[in-house]
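Before any comments, here is the structure.
The values are calculated or read from the model by the stated rules, or taken from the named source; none is laboratory data. All values derive from a computational prediction rather than experimental measurement. Counting neighbours? That spans all protein chains shown, and the Cβs are built from the backbone with ideal geometry, glycine included. What goes into the accessible areas is simple: the full protein's heavy atoms, side chains included, and nothing from ligands, DNA or RNA. Shrake-Rupley method; radii C 1.70, N 1.55, O 1.52, S 1.80 Å.
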Amino acid sequence: ICLHQVREPLACISSIMSLDDSSWRYIRRWMQMDLTRPLLERSMEYYYHWNKNLENCTFTYQVEEIQDLIEILDLFDVEYDRAKIDWAVDTPRLGQTPNKNQITWPNLFKQNREMAANIWAMTIDYGY
């Protein structure tokens, strides 16, 4: 089975904007991208194409809804350690990078109207 984990798009794109240059060069290995374009536009493009490439997975679930993952694993009789899942859910996110890039839908539409519309449609499909 293929599981596609999605995250709320504004939070995800904001996090993508925190990637360093080496990460962008790595991304460019599999995705044609002009690294001289504005950071927000690159981040939008990466979010969209990454998720678009995974749409044929067996299941898509929201990372915020971990119970969905557990139900999928149970449906396919996949063995897992429930204690580890509980630990991951309960562990504070101390190592996360502070979110310096608070973006909004108007920011996305101002940057690239067509890409923002595509992400908006994707967002609805993912249940956000």
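In the set (1) open to solvent by 90 Å² or more (accessible area, probe 1.4 Å); (2) over 17 Å from the mean Cα position of the chain (by Cα), Val89 fails one condition alone, (1).
Selection over the range 40-52 of residues that are out of contact with any Phe, Trp or Tyr (no Cβ under 9 Å at 6 or more places or on another chain) and open to solvent by 30 Å² or more (accessible area, probe 1.4 Å) gives a count of 5.
Within the range 4-39, the only residue that satisfies the criterion of being farther than 22 Å from Glu55 by Cα, touching a Ser or Thr at 6+ places or on another chain (Cβ under 9 Å) and surrounded by fewer than 16 Cβ atoms within 10 Å (Cβ to Cβ) is Ser18. With respect to (1) open to solvent by 90 Å² or more (accessible area, probe 1.4 Å); (2) free of Cβ contacts under 8 Å to residues at least 12 places away in the same chain; (3) β-branched (Val, Ile, Thr), the lone exception for Ile1 is condition (2). Just so you know, in the range 1-45 the residues that are under 25 Å from Trp120 (Cβ atoms) and among the small types (Gly, Ala, Ser) include one that is modelled with the highest pLDDT, and it is Ser43. Residues of the range 16-39 that are among the basic types (Lys, Arg) and either part of a loop (DSSP other than H, G, I, E, B) or under 25 Å from Asp86 (Cβ atoms) (or both): Arg37 alone.
One residue stands out among those in the range 86-125 that are under 18 Å from Tyr46 (Cβ atoms) and either part of a loop (DSSP other than H, G, I, E, B) or of a type in the set (Ser, Thr, Tyr) (or both): the one that is modelled with the highest pLDDT, which is Asn112.
Restricting the first member to the range 40-68 and to residues that are in a helix (DSSP H, G or I), and the second to residues that are of a type in the set (Phe, Trp, Tyr) and at pLDDT 95 or above, the beta-carbon pairs closer than 8 Å and six or more apart or on different chains are Arg42/Trp24.
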